[in-house]
Amino acid sequence: MSKSYKIVAIIGTGFISDFYTSTLHSQRALDRVHTVYSRSIKKGNIFKEKWGIENCTDDMNSAINNTEVDTIIIGLPNHLHKDAVLAAAEAGKSILCTKPLGRNAQEAIEMLQAVEKHGVFNGYLEDLLYPPKTLKAIKSVNDGAIGKVMWARSRETHPGPHSDWFWDNTLAGGGAIIDMGCHCVEIIRNFIGKNIRPTEVMCWADTLVHPVEGEDHGIGLVRFENGAMGQFEVSWAFRGGMDLRDEISGTEGTIWLNHWLRTGFEMFTSGSKGGYVAEKAEGDSGWLFPVGDEAAELGYTDMFNNMFNSMDNNEEPMETFYDGYIVNTIIDASYKSAKTKQWEPVDISIWRGDKNVPHIRNVKEVDGQILIKSEVMPDGTTKQILKDPNTGKVSEKII
């Protein structure tokens, strides 16, 4: 086992790096950000002073190759992920990269191949898989509590991102779908089963509000090899804050998750002494829904615990660069479908899941007949709807 603390260089000083550093400095006692890289030395020094970081540089390679640093956390805009990952892999450092892994699957596979070539630890920082409610829901599904998952819906909507680069298709790789659909797609995969291959996508995307090239709305259907369906919904023009919801329907049960708009904490204020309420909150007066522990409820706390504990134990984390690559393949198919207006195949050149997955449907027989449905009636009896396998005739039986 390696030493039980990490010396971190954080690459980037934007909103996400603030969240990452705040989380790291508030949990495992010895983990600390040792070095910060920023493209602006002025911003870097402000970040350094804010978080009590030892070193600041505007030279990314210097930060990555610092001999005291063993772990690189990448919080850069999407178009800079690949260069940072390739440099960190070459330096032999453990690498944690924010979502999405790449602007497209080609970038993602290059990053995956780099970390595997150099044999370095790689973690995909998909925070919205790690809220406590989501982790418990995933465990319930894996334990069989709701049977086989038939349909998983994930929604993330808010009034739009904080930084200017998100609005540039070239820098970001797209609009709301690449920004937030990556969250939704990986949540869907975890509930349906990451070993089950996504096969095709039908997607609608459009720019309805903002004068930008990238889409500010998107809805997609992702079909899986076993017949399960995933549905994602994203928007950069939803008013009222951030809406994070997941719904999972199985053959034996259902799960509903509401993560953000209804937090269980409600407050009214006139706004005379307002301030920050929660991420993407649109105001600081009237009825508000603050969040008690924002880092935990967005998944950052459990995410970094999983990543660092996995490093210590020489294990794969819950989310790796391979997962990031699969997400990018689904997003690529989504964008293609949005243009062609038809189902488009998910092009996966490296598939490591199950090769032959049985269909969700189970055929049960009762006295030689196929059971379609069983229902308890008000009088306590059970009605069975049965189908004759030879004639196809459907009948009822009361037991």
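Could you go through the stretch 242-259 and let me know if any residue there is crowded, with 20+ Cβ neighbours inside 10 Å, aromatic (Phe, Trp, Tyr) and either assigned by TED's automatic domain parsing to the domain that holds Lys339 or touching an Asp or Glu at 6+ places or on another chain (Cβ under 7 Å) (or both).
No: the stretch 242-259 contains no residue that is crowded, with 20+ Cβ neighbours inside 10 Å, aromatic (Phe, Trp, Tyr) and either assigned by TED's automatic domain parsing to the domain that holds Lys339 or touching an Asp or Glu at 6+ places or on another chain (Cβ under 7 Å) (or both).
Consider Ile178 against the criteria (1) surrounded by fewer than 24 Cβ atoms within 10 Å (Cβ to Cβ); (2) aliphatic (A, V, I, L, M); (3) out of contact with any strand residue (DSSP E or B) (no Cβ under 7 Å at 6 or more places or on another chain); (4) part of a helix (DSSP H, G or I): it satisfies all of them except one. Which criterion is unmet?
Tallying (1) surrounded by fewer than 24 Cβ atoms within 10 Å (Cβ to Cβ); (2) aliphatic (A, V, I, L, M); (3) out of contact with any strand residue (DSSP E or B) (no Cβ under 7 Å at 6 or more places or on another chain); (4) part of a helix (DSSP H, G or I), Ile178 fails exactly one: (1).
Could you count how many residues in the stretch 329-346 are out of contact with any Cys (no Cβ under 6 Å at 6 or more places or on another chain) and more than 30 Å from Thr251 (Cβ to Cβ)?
Residues flagged as out of contact with any Cys (no Cβ under 6 Å at 6 or more places or on another chain) and more than 30 Å from Thr251 (Cβ to Cβ) within the stretch 329-346 amount to 6.
Keeping to the stretch 121-151, report how many residues are surrounded by 20 or more Cβ atoms within 10 Å (Cβ to Cβ) and within 27 Å of Ile16 (Cα to Cα). Quick ask: steps written out before the conclusion?
Taking the stretch 121-151 and keeping what is surrounded by 20 or more Cβ atoms within 10 Å (Cβ to Cβ), we get 121-131, 134, 137, 141, 149.
Keeping just the survivors that are within 27 Å of Ile16 (Cα to Cα) gives 121-131, 134, 137.
Matching residues across the stretch 121-151 total 13.
Name the residue, out of Glu49, Glu68, that is assigned by TED's automatic domain parsing to the domain that holds Gly14 and assigned to a loop (DSSP other than H, G, I, E, B).
On the way: Glu49 fails: assigned to a loop (DSSP other than H, G, I, E, B).
So the residue among Glu49, Glu68 that is assigned by TED's automatic domain parsing to the domain that holds Gly14 and assigned to a loop (DSSP other than H, G, I, E, B) is Glu68.
Got a number for residues in the stretch 315-333 being surrounded by fewer than 24 Cβ atoms within 10 Å (Cβ to Cβ) and part of a loop (DSSP other than H, G, I, E, B)?
5
Pairs, please: C-beta under 9 Å, at least 6 apart or cross-chain, first residue of a type in the set (Lys, Arg) and at pLDDT 95 or above and in the stretch 75-93, second in a helix (DSSP H, G or I) and surrounded by fewer than 17 Cβ atoms within 10 Å (Cβ to Cβ)?
Listed pairs, sorted by first residue: Lys82/Glu110.
If Lys364 meets every condition in (1) touching a strand residue (DSSP E or B) at 6+ places or on another chain (Cβ under 7 Å); (2) at pLDDT 95 or above apart from one, which number is that one?
Checking Lys364 against (1) touching a strand residue (DSSP E or B) at 6+ places or on another chain (Cβ under 7 Å); (2) at pLDDT 95 or above, the one that fails is (2).
Taking the residues in the stretch 24-59 that are of a type in the set (Ser, Thr, Tyr) and modelled with pLDDT of 90 or more as candidates, determine which candidate is surrounded by the fewest Cβ atoms within 10 Å (Cβ to Cβ). Break it down stepwise before answering.
Filtering the stretch 24-59 for residues of a type in the set (Ser, Thr, Tyr) gives 26, 35, 37-38, 40, 57.
So of that shortlist, the ones also modelled with pLDDT of 90 or more come out as 35, 37-38, 40, 57.
On the way: Thr35: 23, Tyr37: 29, Ser38: 24, Ser40: 11, Thr57: 18.
Among residues in the stretch 24-59 that are of a type in the set (Ser, Thr, Tyr) and modelled with pLDDT of 90 or more, the one surrounded by the fewest Cβ atoms within 10 Å (Cβ to Cβ) is Ser40.
Given the condition surrounded by 17 or more Cβ atoms within 10 Å (Cβ to Cβ), in contact with a Lys or Arg (Cβ under 8 Å, 6 or more places away or on another chain) and under 19 Å from Ser40 (Cα atoms), answer yes or no: does some residue in the stretch 101-117 qualify? Steps first, answer last, please.
First, the residues of the stretch 101-117 that are surrounded by 17 or more Cβ atoms within 10 Å (Cβ to Cβ): 101-105, 107-109, 111-112, 114-115.
This time we only want the ones that are in contact with a Lys or Arg (Cβ under 8 Å, 6 or more places away or on another chain), so: 102, 107, 111.
From the residues that got through so far, the ones that are under 19 Å from Ser40 (Cα atoms) too are none.
Within the stretch 101-117, not a single residue is surrounded by 17 or more Cβ atoms within 10 Å (Cβ to Cβ), in contact with a Lys or Arg (Cβ under 8 Å, 6 or more places away or on another chain) and under 19 Å from Ser40 (Cα atoms).
Of the residues Thr170, Thr199, Thr157, which single one is of a type in the set (Ser, Thr, Tyr) and more than 22 Å from Gly14 (Cα to Cα)?
Details: Thr170 fails: more than 22 Å from Gly14 (Cα to Cα); Thr157 fails: more than 22 Å from Gly14 (Cα to Cα).
The unique qualifying residue is Thr199.
Considering only the stretch 203-235, how many residues are hydrophobic (A, V, I, L, M, F, W, C) and buried (at least 20 other Cβ atoms within 10 Å of the Cβ)? Show your work before the answer.
Step one: of the stretch 203-235, the residues hydrophobic (A, V, I, L, M, F, W, C) are 203-205, 208-209, 212, 219, 221-222, 224, 228-229, 232, 234.
Within this subset, residues satisfying the condition of being buried (at least 20 other Cβ atoms within 10 Å of the Cβ) are 203, 205, 222, 224, 228, 232, 234.
Here the count works out to 7.
The values are calculated or read from the model by the stated rules, or taken from the named source; none is laboratory data. If you're wondering where the values come from, they're calculated on a predicted model, not measured in any experiment. Reconstructed Cβ throughout: ideal geometry from the backbone, glycine too, with neighbour counts over all protein chains shown.
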